[in-house]
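See below for the structure under consideration.
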Amino acid sequence: MEKANKSEELFSRAREVIPGGVNSPVRAFKTVESNPVFIDRGEGPYIYDVDGNRYIDYVLSWGPLILGHAHPEVVQNLHKAVFKGTSYGAPTRLETELAEIIVDALPAVEKVRMVNSGTEATMSALRLARGYTGRCKILKMSGCYHGHNDSLLIEAGSGPATLGNPGSPGIPESFARETIVVPYNDFESVEKAFAVYGSDIAAVILEPVAANMGVILPEEGYLNFLRDITRKEGSLLIFDEVITGFRVAYGGAEELYGVDPDLTCLGKIIGGGLPVGAYGGRREIMDYIAPDGPVYQAGTLSGNPLAMTAGITTLKILGKGNFYQQLREKTDYLVRGMQEICRDKGIPVRFNSLTGLFSQFFSEREVRDYQSASQTDRKLFIKFFKMMLEKGIYLAPSPFEATFISQAHQQKDLDQTLEIYREVINSL
Ligand code: KE4
């Protein structure tokens with residue numbers, strides 16, 4: 001990085017009026033003992049900070065920008081849409097169009113409700129599950145992150161894990177008591193939880209591919225096991241596909257693993273970079289939502305025309321040709337290259353990867369849950385992160401996040417990344 005004085009200036013100004021100087025904690029770079037760079041613009045796979053430094057971006061706004069920054073078609077369609085106004089608080093054709101694309105892509109989703117964030121999506125899905133089943137308890141997996149609603153900010157991944165406070169003050173004990181937490185990929189603990197609380201568990205919610213303790217794949221049969229036990233016990237199975245939806249496959253993890261949840265939460269990619277979340281599922285469950293059903297959920301800007309336009313444009317591009325095969329090839333190329341470099345240097349590292357996302361763990365052991373993810377060498381990660389940033393590679397400032405790839409990343413970007421990666425690994 002040439003210089004960072006404008007970022008430094010903006011950061012101290014921001015800290016005067018915004019908690020921590022950021023509008024989402026992980027952006028503060030706290031855990032990597034650095035100050036954040038302030039971004040001026042993005043273009044394709046690149047972001048440019050206010051000091052004019054260019055980075056190859058592997059955060060991509062934490063997943064939404066699967067097409068890269070400022071995709072021409074998204075920009076063009078937004079430009080046209082904005083002249084018609086920005087929000088009406090009334091139904092539009094656009095909302096139905098995006099809902100139809102989602103319903104068409106996800107066989108387990110017959111109806112879908114738009115909201116404005118992943119947090120709203122999971123919060124609403126939980127309330128629906130509790131209302132539909134008449135039960136109170138929720139079962140979640142430690143290390144999964146589902147946004148910051150009270151019932152789920154317990155042993156959560158992503159920011160809470162990064163900052164080392166897997167819960168948060170402000171969540172009443174009475175709320176926390178309704179959430180049962182078990183390790184990811186652990187079959188027995190789920191069986192035990194149902195043995196004790198079965199008839200009171202409204203839902204099991206998980207990331208079908210975890211991406212908030214780093215990327216962790218479900219073990220063989222794990223998702224099917226959860227599908228079977230929830231069906232047997234009369235609980236709902238909720239897949240939080242806010243990250244994996246339209247990323248690991250056009251139909252998300254549920255398509256990839258062939259498991260149909262009762263409810264699916266979406267976000268990020270379906271908004272094409274604008275604020276959109278959604279939750280959907282079987283008709284008889286979704287019809288329980290107001291105004292037709294008794295479970296209330298609402299939102300002033302839900303389904304707003306600009307966000308719908310960006311989402312529709314994005315998903316239409318994803319649905320064409322061999323988009324996911326190309327994304328898979330790019331991901332595999334980068335991961336294989338990194339593995340080779342670490343092997344040459346003799347650095348113990350593990351990679352978990354799928355189409356469009358991966359994580360590397362400075363660890364000798366397989367990483368299959370939050371406990372093993374937490375063992376990875378954090379000091380080494382911080383050194384690695386700082387050197388990569390210095391050399392123009394923008395990674396998530398936490399070992400508990402995923403590395404994302406977009407359609408905009410070209411061969412030259414991947415090769416440049418590997419060149420820099422080799423320099424950094426060789427100097428660790
Ligand atoms: P939002 O409320 O941040 O839109 O979505 C919450 C959420 C729900 N479910 C999953 C699987 C998620 O990953 C997220 C949010 N992801 C984090 C990063 N892993 C957002 C980054 C941030 O908190 O700033």
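Details
- Relative packing of peptides 6-13, 290-297 - highest average C-beta neighbours within 10 Å first: 6-13, 290-297
- Annotation: peptides 127-137, 23-33, ranked by per-residue average of other Cβ atoms within 10 Å with the highest first, follow the order 127-137, 23-33.
- Relative contact order, percent, the chain [alpha-carbon distance under 8 Å, six or more residues apart]: 22 percent
- Rough spin-label spacing in nm, given labels placed 7 Å along Cα→Cβ, for residue 33 and residue 187: 4.3 nm
- Computed label-point distance, nm, for sites residue 22 and residue 379 using a 7 Å Cα→Cβ extension: 2.3 nm
- Links that overshoot a 27 Å alpha carbon limit, given the list 192/379; 6/386; 80/320: 192/379
- Fraction of accessible area attributable to carbon and sulfur, the chain (%, probe 1.4 Å): 51 percent
- Multiplying the residue separation of residue 322 and residue 199 by 0.36 nm and subtracting their alpha-carbon distance yields 39.8 nm.
- Where N is the number of residues in the range 187-317, Cα Rg divided by 2.2 N^0.38 Å: 1.15
- Summary value for the range 1-146: 12 percent relative contact order, contacts being C-alpha pairs under 8 angstrom separated by 6+ residues.
- Most mobile listed residue (306, 163, 237) in the chain, GNM with C-alpha springs under 10 Å: 163
- Between the alpha-carbon centres of the range 130-158 and the range 394-428 there is a gap of 32 Å.
- Reducing the range 317-375 and the range 71-96 to their Cα centroids gives an inter-centroid distance of 36 Å.
- With eigenvalues of the C-alpha gyration tensor scaled by 5 and rooted, the chain, Å: 33, 26, 21
- Listed residue (81, 381, 338) projecting farthest to the positive dipole end of the chain, Cβ model: 81
- Residue 12-residue 79 FRET efficiency (beta carbon distance; Förster radius 35 Å; 0.05 resolution): 0.50
- Under 20 Å of direct C-alpha separation, and excluding same-chain neighbours fewer than eight residues apart, residue 412 reaches these lysines: 330, 391.
- About its Cα centre, the dipole of the chain is roughly 540 debye, where the only charges are +1 on Lys and Arg Cβ and -1 on Asp and Glu Cβ.
- Between 79, 409, 71, the Gaussian network model of the chain with springs among Cα atoms under 10 angstrom shows the greatest mean-square fluctuation at 79.
- Two-site FRET efficiency, residue 228 against residue 329, from Cβ-Cβ distance with R₀ of 22 Å, rounded to 0.05: 0.05
- Rounded to the nearest 5, the antiparallel percentage of DSSP beta bridges internal to the chain is 55%.
- Residue-normalised accessible area of the range 72-318, given per residue in Å² at a 1.4 Å probe: 38 Å²
- Think of each Lys and Arg Cβ as +1 and each Asp and Glu Cβ as -1; about the Cα centre, that makes the dipole of the range 1-117 roughly 300 debye.
- Magnitude of the charge dipole for the range 72-318, about its Cα centre and with charges confined to Cβ atoms of Lys, Arg (+1) and Asp, Glu (-1), is about 640 debye.
- Springs between Cα atoms under 10 Å define the GNM used for the chain, and in it the highest mean-square fluctuation of 384, 246, 400 occurs at 384.
- Distance between the modelled labels on residue 411 and residue 300, one decimal in nanometres: 5.0 nm (7 Å Cα→Cβ projection).
The values are calculated or read from the model by the stated rules, or taken from the named source; none is laboratory data. The structure presented is a predicted model; accordingly, all values stated were derived computationally and were not measured. Here the Cβ is made from the backbone with ideal geometry for all residues, glycine too, and neighbour counts use every protein chain on show. With ligands, DNA and RNA removed, areas are computed over all heavy atoms of the protein, side chains included. Shrake-Rupley method; radii C 1.70, N 1.55, O 1.52, S 1.80 Å.
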